[in-house]
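The values are calculated or read from the model by the stated rules, or taken from the named source; none is laboratory data. Fair warning: this is a prediction, and the values are worked out from it, not measured in the lab. Heads up, the Cβs are rebuilt from the backbone with ideal geometry, glycines too, and the neighbour counts pull from every protein chain shown. What goes into the accessible areas is simple: the full protein's heavy atoms, side chains included, and nothing from ligands, DNA or RNA. Shrake-Rupley method; radii C 1.70, N 1.55, O 1.52, S 1.80 Å.
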Amino acid sequence: KPKSVINFSAGPAKLPEAVLAYAQKELLDHEGSGVSVMEMSHRSSEFSKILNNAEKSLRELINVPDNYKILFLQGGGSGQFSAIPLNLLALKSGHSADYIVTGSWSAKAAQEAEKYGTVNYVVPKKKKYTSIEDHSTWKLNPDASYVYYCANETIDGVEFQFVPQTNGVPLVCDMSSNFLSRHIDVTKFGVIFAGAQKNIGCAGVTAVIIREDLIGFAMKVCPVIFDFKIQAGNNSLYNTPPTYSIYIMGLVFNWIQEQGGVDKMEQNAVQKSGLIYDLIDNSEGFYNCPLDRDCRSRMNIPIRIGSEAGDEALEKEFAKESTEKGFLQLKGHRSVGGIRVSLYNAVTVEETRRLVTFMIDFQERHR
Ligand code: PMP
């Protein structure tokens, strides 16, 4: 029977029901071991299997080449805002990095990097993030240690539909909110990281994929748990890792594989976001998305209701009615207002259709 609520949260977010049901089924007894995954030593053979299988599945899902290490770390996406400069700024003597700031999260990452070195802002700073400047206008520094960007800005809804060209400078990407929702060519990146709590699991673990030649440059002040060389040398087991979060993440990887892999996730993402953008474009200005078309996110869609600036009373009414009807967590981030529809991998096409039906009905009643 269909669930009475649909979770459109921006994160932590909806998980596939099959994953939760499986975890529930073996909550007290993992594969006949007699204990829960939560109670297992991180150095046990059972947990080693869980960890190695998660890594193996991720390698298969996006073809991670052998010269890349995969780490499962704590500290979230924000931890990587620090870990990236601490590990990579010293790649070159200038200790300078290029940041392409296209939204709130890349802005935060740049701000954190400023503590440790020089940050070059590649595109002009702005108050509202709704576009990506043309590549030809970017001010890239050829001597930068790395170029940083966020593939999908969860709050603002700015998503790159291309991979930036950096002329050989290592490219670092925060894929927290669109990881495994679209095809990627890992070889174009120096480092990819993604907090798990949107598309690949529950909070607590961050996947980091890093090219081997970029490992070993950590600054002296880098906390040991964030040192890529130490963590890679210990297979992410330098200290106790977030064992249960890694287990859930592994189950999500298996689920993606069963569904047909990242290609299938991407097909779904195109279809689901298309349903919402079509609704917006056909609403005669009732629903408004502030984003330029070429950077509209497939994962997080910010919407203003009633007018481009948003009619706050109407938006409040939308939040109230939608929640009553079981469409959860549609209120926009407080910094941009309005509503936000998050369509991560676990949200189905059918669930998206049900939301569209509600939104059309809402428009009919409030236009
Ligand atoms: N990057 C992106 C794109 C995010 O959406 C978030 C959190 N929503 C973060 C980084 C920060 O992640 P965390 O809360 O795990 O530190």
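Would you work out what percent of the accessible area of the chain, with all protein chains in place, is carbon or sulfur (probe 1.4 Å)?
50
In nm, to one decimal, how far is the residue 121 label point from the residue 27 one, both placed 7 Å along Cα→Cβ?
4.8
Applying 1/(1 + (r/R0)^6) with R0 = 30 Å to the Cβ-Cβ distance of residue 46 and residue 186, what FRET efficiency is obtained, to the nearest 0.05?
E between residue 46 and residue 186, to the nearest 0.05, is 0.55.
Antiparallel as a % of all DSSP beta bridges within the chain, to the nearest 5?
The antiparallel fraction comes to roughly 55 percent.
Taking a cut-off of 21 Å between Cα atoms, list the lysines near residue 220, but don't count ones fewer than 8 places away on the same chain.
Reachable lysines: 92, 115, 229.
In the stretch 120-193, which chymotrypsin sites (Phe, Trp or Tyr not before Pro) fall in coil by DSSP and have 15 or fewer other Cβ atoms within 10 Å?
When the chymotrypsin sites (Phe, Trp or Tyr not before Pro) of the stretch 120-193 are filtered for loop state and at most 15 Cβ neighbours within 10 Å, 162 remain.
Find which of 329, 110, 305 sits farthest along the positive direction of the dipole of the chain, computed with +1 on the beta-carbon of Lys and Arg, -1 on that of Asp and Glu, about the Cα centre.
Result: 110.
On a full-extension model of 0.36 nm per residue, what is the gain between residue 212 and residue 114, subtracting their alpha-carbon distance, rounded to one decimal in nm?
32.8 nm
Label-point separation (nm) for residue 18 and residue 66, each offset 7 Å from Cα along Cα-to-Cβ?
Using points 7 Å along Cα→Cβ, the separation is 3.2 nm.
What full-extension length gain, to one decimal in nm, is calculated for residue 35 and residue 134 as 0.36 nm per residue of separation minus the Cα-Cα distance? Let's see the in-between values first.
Working: separation 99, 0.36 × 99 = 35.64 nm, distance 5.46 nm.
Answer, rounded to one decimal: 30.2 nm.
Pairs of Cα atoms under 8 Å, at least six residues apart: use those to get the relative contact order of the stretch 263-341, whole percent.
It rounds to 24 percent for the stretch 263-341.
Which sequence of 230, 248 reflects their accessible areas, 1.4 Å probe, from the largest down?
I get 230, 248, largest accessible area first.
Based on DSSP, what percent of beta bridges with both residues in the stretch 169-263 are antiparallel, to the nearest 5?
Values: 5 of 8 bridges.
Percent antiparallel among DSSP bridges in the stretch 169-263 is about 60.
How would 272, 3, 198 line up by accessible area, probe 1.4 Å, largest first? It would help to have the intermediate numbers written out before the result.
Working: 272 0, 3 100, 198 30 Å².
The most accessible residue leads, giving 3, 198, 272.
Once you put a point 7 Å from the Cα of residue 143 and another 7 Å from the Cα of residue 309, both along the Cβ direction, what distance in nm separates them?
Taking the two extended label points, one gets 4.7 nm.
Given charges of +1 on the Cβ of Lys and Arg and -1 on the Cβ of Asp and Glu, with all other atoms neutral, how large is the dipole of the chain about its Cα centre, in debye to the nearest 20? Show your work: numbers first, answer last.
Values: 39 positive and 42 negative charges, 100 e Å.
So the magnitude is around 480 debye.
Size of the dipole of the stretch 70-126 about the Cα centre, Lys and Arg at +1 and Asp and Glu at -1 on the beta carbon, nothing else charged, in debye to 20? Let's see the in-between values first.
Numbers: 5 positive and 3 negative charges, 24 e Å.
Computed about the Cα centre, the dipole is about 120 debye.
Cross-link partners among lysines for residue 320, C-alpha distance below 18 Å, same-chain residues fewer than 8 apart left out?
Counting by Cα, and skipping residues close in sequence, residue 320 has these lysines nearby: 331.
Filter the cross-link list 127/198; 69/264; 3/188 down to pairs whose alpha-carbon distance in this structure exceeds 30 Å.
Too far apart for the 30 Å limit: 3/188.
In terms of the Cα gyration tensor, with a ≥ b ≥ c the square roots of its eigenvalues, is the chain rounded because a/c is under 1.5, prolate because a/b exceeds b/c, or oblate?
On the way: a/c = 2.11, a/b = 1.18, b/c = 1.79.
The shape class here is oblate.
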